[in-house]
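Q: The structure under discussion is supplied below as structure tokens; questions concerning it will follow.
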Amino acid sequence: GDAILGDDMKLVNDDCLKVLPTLANQNIDLIITSPPYNLGNKHHTGSKYHQAYSDNLPEETYQAQQLQFLNECFKVLKDEGSLIYNHKNRIKKGKQITPYEWILKSPFVVKQEIVWINGSQNFDKIRLYPFTERLYWLAKKPETKLFNTINHQDVFTKKEWFPVGTKGNHTRAFPIKMVENILQCFPGAKVVADPYMGSGTVGVVCKNMSRDFIGIELDKNYFEMAKKRIEETT
């Protein structure tokens, strides 16, 4: 079930589209998250198939769901809050679909697009190999700032930013270093949330960096894994 790990860590095992509307409005400083990409249940990188969850909605339904998600994030963020939204350009039926197709329908201001070179193994010779994902920094106001304490440009190629697995259970976990770097750029973000918590990396880093954390995860196995990882973080 749900878990409250002290005053500063709240984990909810449910659908974020149900949970976000129940949270207090304008209470969260920063959301860092990566939704399922709707790649189809046969999605693979190289020879490794990912079938951790059903990821095969009609594209129109998926985009409407993601727009609804962004709208709910907008409500729970403080006025000066930010959302770091990890997604990617996808190829479906020979055509590229960009996340801007729904991001630009949301009330968010696009502050910056960060390119994350994470070395996908998609070596299909009918196109140049896609090696990148995106981190969209979205804010409620154009005046919102981050502080580039890590002195970094808008492309991340570092080895420590490569995606990691957690003992083979979650093949697309955020790298710890990436979340640390993001949090360093938002030193004033006291309350951080990840509505697609997965294996709990954002929560682990928040605990390490003394930030309050709200994590939401629908999948029971991921939820239990995340809870255990966060509990064991000292």
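The values are calculated or read from the model by the stated rules, or taken from the named source; none is laboratory data. Here the structure is a predicted model, which means the values were calculated and not measured. No Cβ is skipped: glycine too gets one built from the backbone with ideal geometry, and neighbour counts run over all protein chains shown. Side chains included, ligands, DNA and RNA excluded: accessible areas come from the protein's heavy atoms. Shrake-Rupley method; radii C 1.70, N 1.55, O 1.52, S 1.80 Å.
Q: Put ASP8, ASP194, ASP2 in order of accessible area, largest first, 1.4 Å probe: what do you get?
A: Ranked from most to least accessible, the order is ASP2, ASP8, ASP194.
Q: Another question, if that's okay. Whats the longest run of the chain with zero chymotrypsin sites (Phe, Trp or Tyr not before Pro) that are DSSP loop and have at most 15 other Cβ atoms within 10 Å?
A: With a cap of 15 other Cβ atoms within 10 Å, the longest stretch comes to 148-234.
Q: Straight-line reach from LYS93: which aspartates and glutamates fall under 12 Å, measuring Cα to Cα and dropping same-chain residues less than 8 apart?
A: GLU59
Q: With a probe of 1.4 Å, find how much accessible area the chain has per residue, and write the answer as a whole number in Å².
A: Averaged over the residues of the chain, the accessible area is 50 Å².
Q: Sticking with this structure for a sec: So I have (i) 159; (ii) 136; (iii) 125, and one of them is volume of the Cα convex hull per residue in Å³ calculated from this model. Which one is it?
A: Identified label for the calculated read-out: (iii).
Q: Among DSSP beta bridges lying fully in the chain, give the percent that are antiparallel, nearest 5.
A: Counting DSSP beta bridges with both partners in the chain, the antiparallel share is about 55 percent.
Q: Please check: in the Gaussian network model of the chain (C-alpha springs, under 10 Å), which one of ASN71, ASN27, ASN151 has the largest mean-square fluctuation.
A: ASN151
Q: Still on this structure: Test of understanding: in a Gaussian network model of the chain with alpha carbons linked when under 10 Å, which of ILE176, ILE103, ILE91 would top the mean-square fluctuation ranking?
A: ILE91
Q: Considering only protein heavy atoms and a probe of 1.4 Å, how much of the accessible area of the chain is carbon and sulfur, as a whole percent?
A: Numbers: 6100 of 11730 Å².
Heavy-atom surface of the chain belonging to carbon and sulfur, 1.4 Å probe: 52 percent.
Q: Let me ask something else about it. Could you work out [θ]222 nm for the chain from helices alone, using -39500 (n - 2.57) per DSSP H run of at least four and dividing by all its residues? Round to the nearest 500 deg cm²/dmol.
A: On the way: 6 runs with 55 residues, N = 234.
When only DSSP H runs of four or more count, the value is -6500 deg cm²/dmol.
Q: Now, a different point. Put +1 on the Cβ of every Lys and Arg and -1 on every Asp and Glu Cβ in the chain; which of PRO195, GLY6, ASN38 then has its Cα farthest towards the positive end of the dipole?
A: Final value for the positive-end residue is ASN38.
Q: Which residues make up the longest stretch of the chain clear of GluC sites (Glu not before Pro) that lie in a DSSP loop with no more than 10 other Cβ atoms within 10 Å, not counting the sites?
A: 1-142
Q: Turning to a different aspect of this structure: Relative to the Cα centre, what is the charge dipole magnitude of the chain, using +1 at the beta carbon of each Lys and Arg, -1 at the beta carbon of each Asp and Glu, and rounding to the nearest 20 debye?
A: 780
Q: Hey, which of these cross-link pairs are over 23 Å Cα-Cα: LYS10/LYS141; LYS207/LYS227; LYS92/LYS177?
A: With Cα atoms farther than 23 Å apart: LYS10/LYS141; LYS92/LYS177.
Q: Gaussian network model of the chain, Cα springs within a sub-10 Å range: biggest mean-square fluctuation belongs to which of THR157, THR61, THR144?
A: The residue that fluctuates most here is THR61.
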